[in-house]
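K.L.:
I'd like to ask some things about the structure below.
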């Protein structure tokens, strides 16, 4: 049982000029289930952290007030539970049951009450394994289920979910949504932040939209909010349900082959696979988790040597034997986690790195950098540190770094993962244009919309045997 | 990927079942004479007792051999070093290898050091082969009154270690994808290693920060006295293990002194 009241609430992180969130007036009644929306940068996560009492006073400046049942959030901590995005950094213990017990031990629950509450919480989320199941052996969706059980065992009056499906594949996301739905009771107030609105709507009865500049843009039932603001929200990047996505068919048939893999395997990661990709073709590699999709992307990208089999890439030879500089001129790879690929401290330097290592002249390097900054809407961020970019900006930068050395083949691992609608559309458009200019595109993906919108050929990997 | 230190012993063995703190304490007590004297007899005695007790800990000799084989390299290193550089070349000459005079004194000293490497390492190997990390953290908090923030924090951090291996591979591949490789230039290799290690460290710190936040969100910083879902007891058998280790240590020292071999380190 919990009631939330915000009056003119605002928060500015220490050292930042802009307020992360400002001017929010809200009342959330006991037992309400709220979906909190807003384009990236509107301060959704900051607002959740404030409700959870996880914004220490010395880490920034606040204005207005937040109250949970009339208490300051720092004094109402035991009434609030929060589940974050990343399952791996939420689990503490080696065994599943112990992990759920961890919070109960912290809250001084008597030992004899702990295990019944652990079992009850695991049942509520539909956790299918015994208590001693190693947490490391769980899939991402199962780990996130366990994290939810660890919070529910504490019986919070206010449950906060900060993009709980963002790091999961579609199957894992469905698993955690089922768990949220089946564990919900009328006494728990729920605030959910989620990009994928259509999937989240069955879980909520109220939608609140934050305005990036500050304040609340809309507040009401889902149907009322989307009837009123659907178009504008979709434009800002919110995945408003029922809006069609553009599709891009190839304008001309594929040309010469750019890479060909014959019966390649990687020990314990990929069974024998033969596949090829051509210029002017977008190839989608699909398949369940653990089928070896990312490993195949590394092979085709010339980053990994196959255990057996042969890979041949234009202009000839096995790409994993090429020197790195030569590789970047022929095949560009975009990793699932953009920050793995950043090696400098400025956006412009990231883009200049590849061309510089090829020994291009300063004038040619700066022309390439300016053109890419412009094309991927990064000009404003040229001097920013790549690690401080938002998810969408970091994705655009990682694609731009691969394009800087003008390779003919581009290999992308889950390029649309966790992106808002606006970045998604831009990315698909960019890739379609590259394909139509004669580049080859290989994308490993779980995203059916992406396959529909762009792929000319689909290659499905079977489940791991 | 599994943790390298997962217990591999039969958990029902009489000494494997003892309280982790008792096992750790006994290992420390047992090792004291080994770091007090330089003679070869003490490590030889200790090693004999360690190997004789192994079945009571439920550790099979084959498993142990797999765990400690890297120590054989260290022992070989000691032998070579002693043969080449030992200052003390007393005792009857056995053989001359070029400029190196191999005397019994050299060999006895080398043997003493090699035995010591094994004798000191074995108790630690046995403790970790028979102890679940969670049990150790529980026992440290409940029986040794270690702060929970330290013991459980270390345990949670420990869980993230296997991730570092995958992260390292991704960072290395991502650098190649960006056109960065060192080729055969050793300096460039060193620089690349350094920058990859730095990126790994930054990532580990971020992850550690997120984990700490998630732990505090579940009341780890609540300041309430923690209760314990899993009980660790420290019974008579555990005390007996500690006392036994202490008695054995004393006996080794006494033997060493009585035989006149005692050779203090300081």
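K.L.:
Among A:12, B:226, which comes first, second and so on when ranked by fewest other beta-carbon atoms within 10 Å?
P.N.:
A:12, B:226
K.L.:
Can you tell me, using C-alpha contacts under 8 Å and at least 6 residues apart, the relative contact order of chain B as a whole percent?
P.N.:
Contact order relative to length: 34 percent.
K.L.:
In cubic angstrom, how much convex hull volume per residue do the alpha carbon atoms of the range B:148-266 span?
P.N.:
Hull volume over Cα atoms, normalised by residue count, gives 242 Å³.
K.L.:
Oh, and also: PRE reach from residue B:163 (point 7 Å along Cα→Cβ): which of the range A:117-157 fall under 19 Å by backbone N?
P.N.:
The answer is A:134-151, whose backbone nitrogens lie closer than 19 Å to the label point.
K.L.:
Same structure, new question: Quick check: the angle from helix A:170-183's long axis to the longest principal axis of chain A, C-alpha only, nearest 10 degrees?
P.N.:
In chain A, helix A:170-183 runs at an angle near 10 degrees to the longest axis.
K.L.:
With a 10 Å cut-off between alpha carbons and a GNM built on chain B, which of B:118, B:150, B:198 moves the most?
P.N.:
Judging by the Gaussian network model, the answer is B:198.
K.L.:
Right, next: Evaluate Rg over Rh across chain A, taking Cα atoms for both radii and Kirkwood's formula for Rh.
P.N.:
Ratio of gyration radius to Kirkwood radius for chain A: 1.00.
K.L.:
Label residue B:132 and residue B:222 with points 7 Å out from Cα along Cα→Cβ: what is the distance between them in nm?
P.N.:
2.4
K.L.:
In whole Å, how far is the Cα centre of the range A:344-415 from that of the range A:20-70?
P.N.:
When both Cα centres are located, 35 Å separates them.
K.L.:
Shifting gears a bit: Using only the Cα atoms of chain B, build the gyration tensor, take square roots of its eigenvalues as a ≥ b ≥ c, and label the shape rounded, prolate or oblate: rounded if a/c is under 1.5, else prolate if a/b is larger than b/c, else oblate. Please report the intermediate quantities before stating the final value.
P.N.:
On the way: a/c = 2.58, a/b = 1.20, b/c = 2.16.
Oblate.
K.L.:
Please report the spacing between the Cα centers of the range B:198-225 and the range A:117-141 in Å, no decimals.
P.N.:
22
K.L.:
Report the rotationally averaged projected area of the range A:257-460 based on its alpha-carbon convex hull, in square nanometres.
P.N.:
So the Cα hull casts an average projection of 10.6 nm².
K.L.:
Can you put A:395, A:330 in order, fewest other beta carbons within 10 Å first?
P.N.:
Ranking A:395, A:330 by Cβ neighbours within 10 Å, fewest first, gives A:330, A:395.
K.L.:
What is the Cα radius of gyration of the range B:148-217 over 2.2 N^0.38 Å, N being its residue count?
P.N.:
On the way: Rg = 15.4 Å, N = 70, 2.2 N^0.38 = 11.1 Å.
This ratio for the range B:148-217 stands at 1.39.
K.L.:
With a 10 Å Cβ neighbour count serving as the proxy for reagent exposure, in which order, fewest first, do B:145, B:23, A:293, A:75 appear?
P.N.:
Values: B:145 9, B:23 27, A:293 23, A:75 13.
Neighbour counts put them in this order, fewest first: B:145, A:75, A:293, B:23.
K.L.:
Measure out, as a whole number of angstrom, how far apart the alpha-carbon centroids of the range B:44-61 and the range A:243-303 sit.
P.N.:
55
K.L.:
What FRET efficiency do you get for residue B:101 and residue B:51 if R0 is 51 Å and r is their Cβ-Cβ distance, rounded to the nearest 0.05?
P.N.:
In this case the efficiency is close to 0.95.
K.L.:
Can you compute the helix-only [θ] at 222 nm over chain A? Use -39500 (n - 2.57) per DSSP H run of at least 4 residues, normalise by all residues, nearest 500 deg cm²/dmol.
P.N.:
Estimated from H runs of four or more residues: -10000 deg cm²/dmol.
K.L.:
Would you mind calculating the gained length between residue A:367 and residue A:75 on full extension (0.36 nm times residue separation, minus the Cα-Cα distance), in nm to one decimal?
P.N.:
99.6 nm
K.L.:
Hey, another quick one. If R0 is 60 Å, what FRET efficiency do you get for residue A:268 and residue B:258 from their C-beta distance, rounded to 0.05?
P.N.:
0.55
K.L.:
Continuing with this model, one more query. Which value in nm describes the separation of the simple spin-label points at residue A:346 and residue A:63, placed 7 Å from the Cα toward the beta carbon?
P.N.:
Distance between the two pseudo-spin positions: 3.3 nm.
K.L.:
Which one, B:180, B:102, B:161, has the greatest fluctuation when you compute a Gaussian network model over chain B with C-alpha springs under 10 angstrom?
P.N.:
B:180
K.L.:
Just to be sure I understand the model, the point goes 7 Å from the Cα along the line to the Cβ. What's the resulting residue A:13 to residue A:185 distance in nm?
P.N.:
3.7
K.L.:
Can you give me the relative contact order of the range A:257-460 as a percent, contacts being Cα pairs under 8 Å and 6 or more apart?
P.N.:
31
K.L.:
Who wins for biggest fluctuation among B:29, B:113, B:192 in a Gaussian network model of chain B, springs between alpha carbons below 10 Å?
P.N.:
Sorting by GNM fluctuation, first place goes to B:192.
K.L.:
Which length gain, in nm to one decimal place, applies between residue B:145 and residue B:182 when the Cα-Cα distance is subtracted from 0.36 nm times their residue separation?
P.N.:
Numbers: separation 37, 0.36 × 37 = 13.32 nm, distance 4.97 nm.
Full extension of this stretch gives 8.3 nm more.
K.L.:
Continuing with the same structure: With everything on Cα atoms, drop me the angle between helix A:391-403 and the longest principal axis of chain A, reported from 0 to 90° to the nearest 10.
P.N.:
Taking the Cα atoms of chain A, the angle to A:391-403 is about 10 degrees.
K.L.:
If you don't mind, another one. For the range B:76-172, report the % of Cα-Cα distances exceeding 22 Å.
P.N.:
Of all Cα-Cα pairs in the range B:76-172, 59 percent lie more than 22 Å apart.
K.L.:
Ok, one more. For helix A:222-236, what angle does its Cα long axis make with the longest principal axis of chain A, in degrees from 0 to 90 and rounded to 10?
P.N.:
The angle comes out near 40 degrees.
FYI, it's all coordinate maths here, none of it is from the lab. Bear in mind the structure is a predicted one, so any value in this text is a computation, not a measurement. All Cβ positions, even for glycine, are placed from backbone atoms using ideal geometry, and neighbour counts span all protein chains on display.
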